[in-house]
1. Tell me the residue from E527, E555, E504, E517 that is open to solvent by 60 Å² or more (accessible area, probe 1.4 Å), touching a residue at least 60 places away in the same chain (Cβ under 8 Å) and of a type outside the set (A, V, I, L, M, F, W, C), please.
2. Looking for something touching a Ser or Thr at 6+ places or on another chain (Cβ under 6 Å) and not in a loop (DSSP other than H, G, I, E, B) - is there at least one such residue anywhere in the range 389-409?
3. Of the residues that sit in the range 750-788 and are free of Cβ contacts under 8 Å to residues at least 40 places away in the same chain and not acidic (D, E), which one is least open to solvent (accessible area, probe 1.4 Å)?
4. When the range 391-430 is examined, which residues are found to be among the aliphatic types (A, V, I, L, M), open to solvent by 30 Å² or more (accessible area, probe 1.4 Å) and at pLDDT below 50?
5. Any idea how many residues of the range 524-546 are assigned to a helix (DSSP H, G or I) and among the polar types (S, T, N, Q)?
6. Would you be able to say whether some residue in the range 807-825 is surrounded by 18 or more Cβ atoms within 10 Å (Cβ to Cβ), on the phi < 0 side of the Ramachandran plot and among the hydroxyl-bearing types (S, T, Y)?
7. Being at pLDDT 80 or above, surrounded by fewer than 20 Cβ atoms within 10 Å (Cβ to Cβ) and of a type in the set (D, E) is the requirement here; does D101 meet it?
8. Being closer than 18 Å to H859 by Cα and touching a Phe, Trp or Tyr at 6+ places or on another chain (Cβ under 6 Å) is the filter here, so list the residues in the range 598-631 that pass it.
Amino acid sequence: GSSICVLFFLIGIGCVWAGACRAAAPTWSAALESRAPVAAVAMAVRTVVEVAVHFESFRNIDLFHQGLYHLRSRIYRDVNGRKIVAEPYNYFACSTKVAEDVQKDRKSARTDHHHLIPAHVIEDQCTFCTRSFLIRYCEEEVELDDMAQFRVEIGLDEVDDEEAPLFLEVELMFGDLTRHGGADRFGEAPADVESMEFKCVSTQLFKLHKAESGLHEFCPVVFDEFHFCLAGILVHSALLDVRFRVRPVDLVLSRQRLRGDESTGEADTAAAMAAAPFVVTPSTASTARPSEAPTAAAAARAAALAGGVAAGTRGAVDGSAAAATAPLGQPTSALTCAERYFKGVEGLGSERLLDIAEGLYKTHMGALADSYARQSEWFQTICSRCLTQSQREAMDDALDLPDLCLPGGIETAPLQHPSARGGNSSGSFGSSTERRPVQTTGALRRGLIKRLGQDFTAKQLAAYLSYDFNQVACQVVELWQKVLNVMSIACKEIVAFLRVSWEEAIIDHWSTTVLHEVVSGDIACPEDQSIGDLHDIAALRLRRTTTAKPPPKVEHLSLLPSLEERPIMFEQRYMPKPPAGSGYAELPPLLDGRLPSAPKNYRGVHLFVLVHGFQGNSFDMRLMKNNIALLYPDAVFLCSNSNEDNTEGDFTEMGIRLAQEVVNYICDWCPGSTLGRLSFLAHSIGGLIVRSALPLLHEYTSKMFTFLTFSSPHAGYFLKNISLFHMGLKVLQSWRKSMCLAQLSMADAADPRETFLYKLSKIAGFEHFENIVLMSCPSDQYSPFDSARVEIGGMLDKHSHKDVYCSMVRNMWEHVEPRKVFRFDVNFHIPENNLDSFIGRTAHILFLENQAIMKMIIHNYSFLFR
């Protein structure tokens, strides 16, 4: 009796203590009350979507720091501000060659600097990390070939919800080696690798549109301009299963969030849980292989599922990582699969149940059948295009593509595919996101009655529904594994195949703001003297009326600016006048050599010489150089620095220094017949420095290919212009006694025909190149519009010596074929109203800083840089 009294006394104390705790601090349920909408989503029919991310390679273009690097990735959905994270449940090296090299290096005890820490999964953060590699050199390339598999569950009613798509987050992780003596010493004897601390230095975000419809996309990851490097990534996805979930999703905090003072109170812990941004869905268990008819065990499992028992499910992380998990809501034991499907119609008879079952078969089975069809299409495409004949023979039965076996009474359009072993297919995988519908016939209803009898319950019907969905899902998963096997063997070929599709798509998107014009007549005199003003009006109208094209399936969120912010480029090419009329006409796109990956038709390397402008340095042209290097890894670059401290001197002397620098570079890096092409890219007065150096580079005239100038005043400045900039130019010229500025304003000689610019116009220059590209901007007053375009336009009246100016322009074009000339008039979006924009400096600098205009030129006119 006394023991019972003591027991009741302790219980009473416990109740009082619990009440005090509730009054002093919020409970778990109170802290998580705001997340109830997410929990409601979990207890429904879910589609299992798998995303396989192939990290193909990494290339250093212009990283500032040597050290250890790796890529960390995460996939999640953003639902009402909460990130529902996909589970990275598996990873492997998809290139057998890389695996063999790793094993060989381990046997020989030689350290592989590109495989210092193996790929791994951080379970409590639901992230995948590629292998860690040491970067010491510019243009260093690492073959990763790591593939990670992520799975996420999406509500069937949320599949087409564009407001909550999947996001792929890729982070560049950096490990500083300063305390290890630097990268060189660490490379000689790597030690303590496992204890290396990494930090995220740059992040890129991708939006995966319609991942459940099957994605197979190449998406290069280019990090920010301070960490300029390229990661080649492929994204593949497929819908694998349709499942009913009873257990709510779990909220998981990373271990780093939970570390701290052990004395943290319950209120602080609850607040931390409430502030956690990531929500993790239940993981997806493996699906059993299909059989002809339900066995006793299979029927029992299906009945258990229909009865609401979530057998075989667990949290998205292991128990060790889920120490701080809390349900978003309490599971409802009465909520079963039968109630989910047939709630409210149990008493309406078997016919009503069968009507609903037919609709469920159409919806859920249709999703699985559509996924199988898309996978089959992709499977036969890569087998025929990316596997060699010997590989197809070696894989033999692994390439068999069976037809989808559906329950009796369900029909879908038959797949018309050739044998995967044949290699004669020329079709490509489908791009449509519309599902292929399935139809039910009376045989389905008769089959269900035959299996269930005339008198059946909703629970029995739900069990057979679950079994049939499971049987079809098994076939989808089996085909997905075959696809993964082929993609792991032919990974390099698939990268090359999908890269072409990406290049075509990115050209199409950038071309939205590129307008083509063909001009006939005198190359020195425009047909319309006010062409700059007309382009400004057209650009304003285009930004207001043009609709952006649909985004790519894998959308790089920081790559394409909005149409309002994107520069608009007007291309003018000189062609023979068409017989039907004259003036402007739309120019057909250049198809020959349109893609950057197209093979080149010459031997040797392409050397690009980049020349800065007035008071500039070699760093000015860095972004242009890096963007070219993204698409042309075999190109060689010389960022000139011979005139960094002498841009106010004589143009003749600057040309001599540049010519000597180019000759020395070619002798060191392109000796003999190594040099295939020689191109010059110059900004501002850099164009005049290049023209001054050309007479001294006559031995390379047969190699000269592209001469591209960004707002270069080839015909000097106009002396009658009284703008604020030109007034400042005259003051600067008088104060600093700058020979360069005197030559630009043609004040270096009393007779204008004895000035440097006039003499330079009579020296051969433009005619040596296959392509002459002149870029200009009406808003750029640092370089007069007509002078940058080398034409006799509407600004002629502002020149003090009209006849001399006209003679200069005609001298420069005298021996040039018009078909080689490209004039690009750029209209930048400049919302700022400050002194720089007022004097025209902003537009002048944007040619060096605006990566959008660089990418538009490099992608849409790749033949200029090949």
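The values are calculated or read from the model by the stated rules, or taken from the named source; none is laboratory data. For clarity, every value in this text was computed on a predicted model and none was experimentally measured. As a convention, Cβ positions derive from the backbone with ideal geometry for all residues, glycine included, and neighbour counts pool all protein chains shown. SASA here: full protein model, heavy atoms, side chains in, ligands and nucleic acids out. Shrake-Rupley method; radii C 1.70, N 1.55, O 1.52, S 1.80 Å.
1. Working: E527 fails: touching a residue at least 60 places away in the same chain (Cβ under 8 Å); E555 fails: open to solvent by 60 Å² or more (accessible area, probe 1.4 Å); E517 fails: open to solvent by 60 Å² or more (accessible area, probe 1.4 Å).
Going through E527, E555, E504, E517 in turn, the sole match is E504.
2. No: zero hits.
3. T755
4. Selection gives L415 alone.
5. Filtering the range 524-546 down to residues assigned to a helix (DSSP H, G or I) leaves 531-545.
From what's left, among the polar types (S, T, N, Q): 545.
Qualifying residue count, the range 524-546: 1.
6. no
7. Working: at pLDDT 80 or above: no; surrounded by fewer than 20 Cβ atoms within 10 Å (Cβ to Cβ): yes; of a type in the set (D, E): yes.
Spelling it out, it is not the case that D101 is at pLDDT 80 or above, surrounded by fewer than 20 Cβ atoms within 10 Å (Cβ to Cβ) and of a type in the set (D, E).
8. Residues satisfying the conditions are F608, K625, N626, I628.
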